[in-house]
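Before any comments, here is the structure.
Each reported figure results from applying straightforward, stated rules to the coordinates on display, with no laboratory input. Note that the structure is a prediction, hence the values are computed from the model and not measured. Backbone-built Cβ (ideal geometry, glycine too); neighbour counts: all protein chains shown.
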Amino acid sequence: MTRCEIPTSGPGCPPGTRSRLIPYVRVAVAGVSCSAMVIACMALGWPAPVHGAGTAAAAGCGGVESVGTHNWHEASPPPLALGDSTMLLSLPELSEEGFDGNARGCRQYPEALSLLEERRRSGTLPKLVVIALGANGQVTPGDIDRAVAILGPGRVLAVVTHLDPGHVPGSDTSLIRSEARRYPGRVVVLDWIAYSAGHAEWFQPDGLHLTLPGAAAFGRFLGSALVLATPPQSLKVARCKPMPAQTPVPGGSVTVHPSHGTLPLIGAHSVALRLSNTQALPALVQATLRLNEGTRPVIATNCFALAPQSSEIVRFVLGRHILGELALTGRLLAILRLADFGPNRARTVSSHFVIANGTR
């Protein structure tokens, strides 16, 4: 059987270790060092070198491994992923996805929170932070509270559900899944337990650490949260050509039903409303749907012609970015603005809604 040997220098490397990695392993874990190399050996089923207690400590915990990314092209700092030994092999994939990654074996929440504090002091906190911890100590509500407080408004914390040794869900899984309800719009849950179900090939025999295919899948899975790191592009408001002037007829208006409340997704990509024109003249309604957060970007807009004394169900098709956010957050706050460009120029109406993903 081929012996897997790790490099002679780098975080957590025991002295006197020879370096002889076959090219496939070197490529698979490029950019990370000894701790990840040992786990890579385990992932391939090869015996890692044994050099007494020092190597055992390196394999068990090791030093900090970090990677930057060249795939982030925004002015803000790249999204940050913090993890423990279960993230080590995924660091190259996370870098390709667009994350700065930072992992260390045996890491617990206090260490991750300290790293976030350092980022806050240096002014380098990103809009999105992913924390994948818990296998080395339970996650508590206080941990989430402190992380949210450090990040402050306008940033998102993505918390990853984790497995414990033996491939069993962590005892804090229910707590983690409930945190998004405590902090809507500020905390999202990335349910690795649910996503990885049925993929035994992604895990090493301990049921916790990842194989090389599992590490790649984990990196791609965390990459699904990147939609939260950038605001959606605001659409141009639809230009409605005003209808020819007519002698105004008093009475009536343009209304929307429901006038507020929850708008569920229909057909996985749109929401629907009923517009009514109770005027004796036609109406030309400019409808603009904006997010009620940040810069309030326009996410859907259109012009609808309504005959006198009529109503019509209209649909707004949502873009991929918004649908991606909904898949993660379950709900978005929005404002609908209606302006009538018909002969009567009915007054503008604004309504507040919650767009909800009914699959969550």
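Can you pull out the trypsin sites (Lys or Arg not before Pro) in the stretch 231-293 whose DSSP state is coil and whose Cβ has at most 15 other Cβ atoms within 10 Å?
Hits after loop and neighbour filter: 236, 239.
If you plug each phi of the stretch 90-100 into the Karplus form 6.51 cos²θ - 1.76 cosθ + 1.60 with θ = phi - 60°, what whole-Hz ³J(HN,Hα) values come out, in order, with x for Gly and Pro?
Along the stretch 90-100, the couplings run 8, 4, x, 5, 5, 4, 5, 5, x, 9, 7 Hz.
Please give the length that would be gained between residue 111 and residue 200 if that part of the chain were fully extended, namely 0.36 nm times their separation in residues minus their C-alpha to C-alpha distance (nm, one decimal).
29.0 nm
Taking the beta-carbon count within 10 Å as an exposure proxy, list 226, 82, 157 from fewest neighbours to most.
Going from sparsest to densest Cβ surroundings: 226, 157, 82.
Applying the Karplus parametrisation 6.51 cos²θ - 1.76 cosθ + 1.60 with θ = phi - 60° to the phi angles of the stretch 161-168, what ³J(HN,Hα) value in whole Hz is obtained for each residue in order, glycine and proline being reported as x?
6, 10, 9, 9, x, x, 6, 10
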